[in-house]
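Input: a single structure, listed below in structure tokens.
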Amino acid sequence: QHVKRGLLASGRLKYLYPKSDHLPDPPLKQPKVKKVKKEKPWMVQQTYKQALTGLYAGKHVQHGNQISEFGNKSRRTWKPNVQKVKLYSETLNERIPIKITPLALKMMDRKGGLDKYLLSMRDKDL
């Protein structure tokens, strides 16, 4: 019943069993399909989640070391300067409360108002 393996075979299996014809082959396994997450276009690769709730003009949390007089280093963070302001929108004809950084306010003044600033922004920045 047993057939000895040849010289070139690996040493793990000592005997090779003959294949019987009456046993059916096992069914082939279908490869698993990976589920693709649908990403919202405004939430792609954001480093600062709070920036989604206002106009931050690319500002985010910065990290660094606080160094004492003796040279001891401790990790700390710097958050952006966020102000709560009511801005007038010409298209809506009303004042809108919004969180905004001073850099975004400065850029808004250059563009000529809230509506023109939002229209000049790229879609991925909105």
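The values are calculated or read from the model by the stated rules, or taken from the named source; none is laboratory data. Predicted model, so just to flag it, every value in this text is computed and none were measured. Glycine gets a Cβ as well: all are built from the backbone with ideal geometry, and neighbour counts include every protein chain shown. All accessible areas refer to the heavy atoms of the entire protein, side chains included, with ligands and DNA or RNA removed. Shrake-Rupley method; radii C 1.70, N 1.55, O 1.52, S 1.80 Å.
Which strands (runs of 3 or more DSSP E) sit wholly inside segment 50-108 and have at least 1 residues that are open to solvent by less than 60 Å² (accessible area, probe 1.4 Å) and touching a helix residue (DSSP H, G or I) at 6+ places or on another chain (Cβ under 7 Å)? Full working, then the answer.
Values: elements: 62-67, 73-78, 83-89, 94-100.
Filter on segment 50-108 gives 83-89.
Look at segment 68-126 and say how many of its residues are aromatic (Phe, Trp, Tyr) and more than 27 Å from the chain's Cα centre (by Cα). Write out each step before concluding.
Start the filter on segment 68-126 by keeping residues that are aromatic (Phe, Trp, Tyr), which leaves 70, 78, 88, 117.
Filter once more, so that each one left must be more than 27 Å from the chain's Cα centre (by Cα): 70, 88.
Counting residues in segment 68-126 that are aromatic (Phe, Trp, Tyr) and more than 27 Å from the chain's Cα centre (by Cα) gives 2.
Have a look at Gly6, Gly11 and point out the one that is in a loop (DSSP other than H, G, I, E, B), open to solvent by 80 Å² or more (accessible area, probe 1.4 Å) and at pLDDT below 60.
Values: Gly6 fails: open to solvent by 80 Å² or more (accessible area, probe 1.4 Å).
Gly11 is the lone residue from the list that is in a loop (DSSP other than H, G, I, E, B), open to solvent by 80 Å² or more (accessible area, probe 1.4 Å) and at pLDDT below 60.
Can we say Lys38 is at pLDDT below 75 and under 33 Å from the mean Cα position of the chain (by Cα)? Reasoning before the result, please.
Details: at pLDDT below 75: yes; under 33 Å from the mean Cα position of the chain (by Cα): yes.
So Lys38 fits the description; yes.
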